[in-house]
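Colleague: My questions will all concern the structure given below.
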Amino acid sequence: MKTGAGILLEGLAGQGVTTLFGYPGAAVLPIYDELCDSAIRHVLVRHEQAAAHAADGYARASGKTGVCLATSGPGACNLVTGIATAYMDSVPMVALTGQVPTTSLGNDAFQEADITGITAPITKRSYLVKRTEDLAGIVREAFSISRTGRCGPVLIDLPRDVLANRIEHDGRHPEPAVRKGRRPTLRGHRGQIEKAVAALSGAERPVIYAGGGVVASGAAPEVVALAEALLIPVTTTLMGLGVIPGDHPLNLGMPGMHGTRHANAAITECDLLFAVGVRFDDRVTGEVETFAPGAAIVHIDIDPAEIGKIRPADIPIVGDAKAVLAEMIGRLQKRRGRDAWMQRIARVKAQHPHRCPDDGGLYPQQIIGELCSLLGGTGIIASEVGQNQMWTAQHYCFRRPRSWISSGGLGTMGYGLPAAMGAHFARPDEPISLIAGDGSLQMNIQEFGTIAQYAIPVKILVLNNRYLGMVRQWQELFYGRRYACTDLPAIDFAKIARAYGIAGETVEAGEDVRGALSNAIEHAGPYLVDFRIEREENVFPMVPPGAAINAMIDPGAG
């Protein structure tokens with residue numbers, strides 16, 4: 001005889017789960033009781049939202065499905081932002097929530113919330129398990145759904161009596177039923193692939209536009225091979241950073257609102273835009289009508305709903321990016337010279353490099369550049385959301401996929417710190433750094449407790465300008481410098497860190513940056529550096545909202 005909770009943990013282990021992130025409560029005590037005898041490692045966070053973000057970071061760093069656990073009612077509701085974050089960025093996750101007993105469902109019992117209803121729009125599937133006998137099959141099906149096709153979160157809601165009941169169980173976990181629409185198209189249509197190869201080979205000004213779907217598919221080597229074979233420049237979205245090494249001669253950098261001028265110019269002037277694993281996000285396209293206005297569009301995506309959603313595709317290909325690109329590479333025609341196109345891009349790049357002020361102040365660009373120099377492109381970089389995220393995307397040289405952990409679609413402040421924790425448990429032998437703003441960091445700062453408890457050696461680098469920086473930047477540029485509710489009081493983050501037992505220091509001068517970063521990197525455990533940066537430094541270049549991507553502004557550019 002086995003309890004439902006025991007069957008659940010057995011099912012998780014069967015799916016390869018070794019780590020889950022959670023916070024206990026009455027409704028999930030049967031699970032915690034079984035965890036005492038389980039090989040699965042439980043990481044105790046200090047807030048349920050952090051459990052979801054940590055599971056997300058674990059999944060992004062490893063490529064595996066992340067798992068989080070919370071009790072019923074408020075505990076389950078606290079997972080919602082993290083689940084939505086994973087949904088927007090197509091991250092495989094299984095969220096486990098406690099629930100009141102089945103006999104109390106719908107009666108407004110203590111700590112009851114309809115979490116399956118709440119999360120229906122932000123999950124691939126939400127289950128309410130009503131029979132212990134169904135649990136093993138649902139667990140297996142949930143993991144299958146989470147990582148099949150376009151990845152995403154699945155929620156399993158677990159009433160307390162379902163977890164506590166004992167039933168005969170032979171240890172078998174049935175294969176999930178293959179339902180209509182469950183089996184995605186992996187291999188692209190042969191005729192469409194042939195058209196795409198011919199279009200790429202014949203284009204005079206092609207650009208590869210690669211996103212997070214390339215990372216999810218493991219197709220980065222194929223993107224680089226295709227680009228090198230046909231001498232095609234590559235621009236990668238925020239979620240695609242690392243697909244092509246940042247210092248590769250064909251890398252244009254990031255496109256869009258805070259992208260590079262040469263990436264935006266290349267997209268605007270190209271005659272063929274080869275889009276793979278992207279969704280034509282508004283922060284990339286700007287005014288859609290002016291995005292690659294003269295280009296034919298090849299669009300490859302495993303999710304057919306994305307193709308043509310924002311921009312009609314001339315050559316649509318539904319399929320797994322890695323499989324489609326591998327077949328394309330096998331069909332490549334003779335390479336043609338594109339010297340004039342590459343020279344045009346090089347001229348724009350030379351005229352408009354990302355700038356780093358050198359007036360003696362303490363600037364975020366210098367901090368990120370020094371960090372990249374010291375790490376040599378190794379390890380994992382996580383970020384919060386806001387100016388810190390954009391500065392990192394602009395100035396850090398990512399050299400491989402899954403080395404960049406950041407919330408893209410939802411733009412979730414408070415994501416970075418717990419996501420960095422999760423990434424550490426996925427790849428414990430790699431150095432991990434978090435670049436954070438002082439506003440975002442305070443949203444989940446209680447996770448200093450988790451970091452200290454598990455001695456997670458994350459290096460927390462705070463770009464402290466005492467503002468909600470990105471909001472203040474918009475107020476400066478578009479609201480006449482009317483700074484409403486964005487000025488934050490000074491916080492001594494190093495002192496807070498030390499209160500949790502985390503080493504730290506404060507830096508106020510540019511000449512001390514490299515030494516402080518070296519101290520952090522060489523320290524065996526967690527370490528925080530509070531950089532008091534120039535308060536009103538902005539992220540430039542920038543495309544004003546709703547403008548064309550070639551209408552970038554940068555008041556400080558030469």
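The values are calculated or read from the model by the stated rules, or taken from the named source; none is laboratory data. Everything numeric in this text was worked out from a predicted model, so none of it was measured. With ideal geometry, Cβ positions are generated from the backbone for all residues, glycine too; neighbour counts draw on all protein chains shown. In case anyone asks, the SASA skips ligands and DNA or RNA and just uses the protein heavy atoms, side chains included. Shrake-Rupley method; radii C 1.70, N 1.55, O 1.52, S 1.80 Å.
Colleague: Whole percent per 20 Å bin, from 0 to the bin with the longest distance: what is P(r) over all C-alpha pairs of the chain?
Modeller: For the chain, the pair-distance distribution reads 22, 51, 26, 1.
Colleague: So the label point goes 7 Å from the Cα of GLU289 along Cα→C-beta, right? Which residues of the range 519-549 then have their backbone N under 12 Å from it?
Modeller: Once the point is set 7 Å along Cα→Cβ of GLU289, 548 turn out to lie under 12 Å by backbone N, inside the range 519-549.
Colleague: Where the centre of each part is set by its Cα atoms, how far does the range 436-511 sit from the range 539-555, in angstrom?
Modeller: Each part's Cα centre sits 26 Å from the other's.
Colleague: Right, another one. Label-point separation (nm) for ALA26 and ASP108, each offset 7 Å from Cα along Cα-to-Cβ?
Modeller: 1.7 nm
Colleague: Say each of ARG427 and TRP474 gets a label point 7 Å from the Cα, pointing the same way as Cα to Cβ; how far apart are those two points in nm?
Modeller: Here the answer is 3.2 nm between the modelled labels.
Colleague: Using the scaling law 2.2 N^0.38 Å as the reference, what is the normalised Cα Rg of the range 48-158?
Modeller: Ratio of Cα Rg to 2.2 N^0.38 Å: 0.99.
Colleague: Could you rank the peptides 160-169, 459-468 by their average count of other C-beta atoms within 10 Å per residue, with the highest value first?
Modeller: 459-468, 160-169
Colleague: Please state, rounded to one decimal and in Å, the Kirkwood hydrodynamic radius that the range 92-246 gives when every pair of distinct Cα atoms enters the mean of 1/r.
Modeller: Taking every pair of different Cα atoms in the range 92-246, averaging 1/r and inverting gives 19.2 Å.
Colleague: What residues qualify as long-range amide H neighbours of ILE432, i.e. H under 5 Å apart, gap of 5 or more or another chain, H built at 1.01 Å from N?
Modeller: ILE380, LYS459
Colleague: Could you give the Stokes-Einstein D for the range 451-558 in µm² per second, using the C-alpha Kirkwood radius, 20 °C, 1.002 mPa s?
Modeller: Rounded to a whole number, D works out at 133 µm²/s.
Colleague: Additional query: Cα atoms only: what Rg and Dmax, in Å, come out for the range 37-106?
Modeller: Rg then Dmax for the range 37-106, in Å: 12.8, 40.
Colleague: Multiply the residue gap between ASP339 and SER373 by 0.36 nm, knock off their C-alpha separation, and tell me the result in nm, one decimal place.
Modeller: 9.1 nm
Colleague: Could you work out what % of the accessible surface of the chain is carbon and sulfur, using a 1.4 angstrom probe and leaving DNA, RNA and ligands out of the count?
Modeller: The C+S portion of the solvent-accessible surface of the chain is 51 percent.
Colleague: Shifting gears a bit: Hand me the trypsin sites (Lys or Arg not before Pro) from the range 261-366 located in a DSSP loop with no more than 16 other Cβ atoms within 10 Å, in residue order please.
Modeller: Those satisfying the criteria are LYS309, ARG331, LYS334, ARG335, ARG336, ARG355.
Colleague: A further question follows. Starting from the Cα of HIS523, step 7 Å along the direction of its Cβ; do the same at CYS36; then give the gap between the two resulting points in nm.
Modeller: Here the modelled spin labels are 3.7 nm apart.
Colleague: Using only alpha carbon positions, build the gyration tensor of the range 308-410, then give the equivalent ellipsoid semi-axes as the square roots of 5 times its eigenvalues, largest first, whole angstrom.
Modeller: Result for the range 308-410: semi-axes of 33, 21, 16 Å.
Colleague: A further question on this structure: Go through LYS64/LYS309; LYS64/LYS459; LYS64/LYS349 and tell me which ones have a Cα-Cα distance over 31 Å in this structure.
Modeller: LYS64/LYS349
Colleague: Do any trypsin sites (Lys or Arg not before Pro) in the range 470-558 lie in a loop, going by DSSP, with at most 15 other beta-carbon atoms within 10 Å of their beta carbon, and if so which?
Modeller: Passing sites in the range 470-558 are ARG481, ARG482, ARG535.
Colleague: Per residue, how many Å² of accessible area does the chain show with a 1.4 Å probe?
Modeller: On a per-residue basis, the chain sits at 38 Å².
Colleague: Let me ask something else. How much mean residue ellipticity at 222 nm does the chain get from its helices, if each DSSP H run of length 4 or more adds -39500 (n - 2.57) and you divide by all residues, to the nearest 500 deg cm²/dmol?
Modeller: The per-residue figure over the chain is -10000 deg cm²/dmol.
Colleague: At q = 0.11, 0.13, 0.14 Å⁻¹, what log₁₀ I(q)/I(0) does a Debye calculation on the Cα points of the range 230-333 give, no solvent, two decimals?
Modeller: -0.32, -0.45, -0.53
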